[in-house]
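**Student:** Dropping a structure here in structure tokens format, bear with me for questions.
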Amino acid sequence: RTSTHAVTTLSPGHAFMVSTVAFDSAGERFVSASWDQSVRLWDSHTRRQIRCFGDPIELLDLLEDDGDGNILMFHCAEFSMTGDKVIAGAQDGALHCWDLSDGREDRLERAHDSPILALAMHPHGQQFASAGRDGLVVMWSMPEIRRLYRFNLSQAVHRIRFSPDVRLLAATWD
């Protein structure tokens, strides 16, 4: 039995590589994060952009980058369990948290000492984890983003996920 799935290109979309997408718990919206300095919120039904966070740049700006690190690439993004916030991890090691009701941004500088590559929301909604190229996995509290504890795995961590019973946090690395 063959299954067909519709693939939709979203326009206007990101100017460059999309590094991640994530749905909210109801499947009503999804978020995409890109190397074009933006995180975008989309309506799942209309496939239209609801809001753009960050300071998006054009492809030409990426090609002309002189390597001084001025382009803020987003590697990962997730919805909070309550669906009222989007959290993203960036190339510069900062965590960005946008309130979806008013667009207000909270930015936590130096959450990691290197790019943040992965995020995972705790199923109970009061915590989340971040992981980075610095080998750290950090647990954070929600809604006030405060570091609870961290684990050093001594090598870049690319993916993290909580087990359904929340007793384990799995990680992949180089």
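The values are calculated or read from the model by the stated rules, or taken from the named source; none is laboratory data. Quick caveat, the model's predicted, so the values are computed rather than measured. When the accessible area is computed, the model is the full protein with side chains, heavy atoms only, and any ligands, DNA or RNA have been set aside. Shrake-Rupley method; radii C 1.70, N 1.55, O 1.52, S 1.80 Å.
**Student:** With n ≥ 4 as the cut-off for DSSP H runs, can you work out [θ] at 222 nm for the chain, using -39500 (n - 2.57) per run divided by the number of residues, rounded to the nearest 500? Let's see the in-between values first.
**Tutor:** On the way: 1 runs with 5 residues, N = 174.
Result for the chain: -500 deg cm²/dmol, rounded to the nearest 500.
**Student:** Would you calculate the volume per residue, in Å³, of the smallest convex hull containing every Cα atom of the stretch 126-174?
**Tutor:** Details: hull volume 3.5 nm³, N = 49.
Spelled out: Cα convex hull of the stretch 126-174, divided by residues, is 70 Å³.
**Student:** Continuing with the same structure: Probe 1.4 Å, all protein chains in place: accessible area of H45 in Å², nearest 10?
**Tutor:** Approximately 120 Å² of H45 is accessible to the 1.4 Å probe.
**Student:** Next question. Taking only protein heavy atoms and a 1.4 Å probe, what accessible area per residue, in Å², does the chain have with all protein chains in place?
**Tutor:** Working: 9860 Å² over 174 residues.
Result: 57 Å² per residue.
**Student:** How large is log10 I(q)/I(0) at q = 0.15 Å⁻¹ when the Debye formula is applied to the Cα atoms of the stretch 39-174, each weighted equally and without solvent?
**Tutor:** Those come out to -0.76, one per q.
**Student:** For the chain, which whole-number percentage of the solvent-accessible area (1.4 Å probe, protein heavy atoms only) is attributable to carbon and sulfur atoms?
**Tutor:** Numbers: 4880 of 9860 Å².
Carbon and sulfur: 49 percent of the exposed surface of the chain.
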